[in-house]
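Submitted below is the structure of interest, expressed as structure tokens.
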Amino acid sequence: MKLSFLIGGAVGYVLGARAGRERYETIVALGRKVAGSQTVQSTAGVLRAQVDIAKGQARQSVASKLRGSPVGVHATNGHHH
């Protein structure tokens with residue numbers, strides 16, 4: 001929710017700066033309403049889960065590659081000993 005709220009606020013600010021204070025307030029209110037909607041919340045939850053899965057897969061891939069590194073190369077910095 002925080003990300004969508006920030007994006008909505010930023011868009012509202014930019015558009016509102018051009019349209020005047022009253023229009024800005026209308027846009028910000030709409031942005032808050034959209035950010036708080038169940039659809040946006042559900043989508044944000046799905047995206048967070050997908051990011052978490054991708055991060056886990058990336059960690060596993062890196063760890064797997066480090067385990068397969070050549071003998072004499074330290075896994076954290078790549079220098080020979």
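Does segment 60-70 contain at least one residue that is under 18 Å from residue 4 (Cβ atoms) and modelled with pLDDT of 90 or more?
Going through segment 60-70, the residues under 18 Å from residue 4 (Cβ atoms) turn out to be none.
No, there is no match, as no residue in segment 60-70 is under 18 Å from residue 4 (Cβ atoms) and modelled with pLDDT of 90 or more.
Just to be sure before I move on: is residue 48 surrounded by 10 or more Cβ atoms within 10 Å (Cβ to Cβ), at pLDDT 85 or above, of a type in the set (D, E, K, R) and within 15 Å of the chain's Cα centre (by Cα) in the structure I sent? Can you show your working first?
Numbers: surrounded by 10 or more Cβ atoms within 10 Å (Cβ to Cβ): yes; at pLDDT 85 or above: yes; of a type in the set (D, E, K, R): yes; within 15 Å of the chain's Cα centre (by Cα): yes.
Considered against the rule, which asks whether it is surrounded by 10 or more Cβ atoms within 10 Å (Cβ to Cβ), at pLDDT 85 or above, of a type in the set (D, E, K, R) and within 15 Å of the chain's Cα centre (by Cα), residue 48 comes out as yes.
On to the next question. Going through 10, 29, 63 one at a time, which residue ends up being under 18 Å from the mean Cα position of the chain (by Cα) and among the small types (Gly, Ala, Ser)? Step through it out loud before you land on a result.
On the way: 29 fails: under 18 Å from the mean Cα position of the chain (by Cα); 63 fails: under 18 Å from the mean Cα position of the chain (by Cα).
The conditions single out 10.
Here is a follow-up. Scan segment 53-81 and report the pairs whose first residue is surrounded by 10 or more Cβ atoms within 10 Å (Cβ to Cβ) and whose second residue is at pLDDT below 60 and among the hydroxyl-bearing types (Ser, Thr, Tyr), with Cβ atoms within less than 9 Å and a gap of 6+ or a chain change.
Listed pairs, sorted by first residue: 66/76.
The values are calculated or read from the model by the stated rules, or taken from the named source; none is laboratory data. Everything numeric here is computed off the predicted structure, so don't read it as measured data. Backbone-built Cβ (ideal geometry, glycine too); neighbour counts: all protein chains shown.
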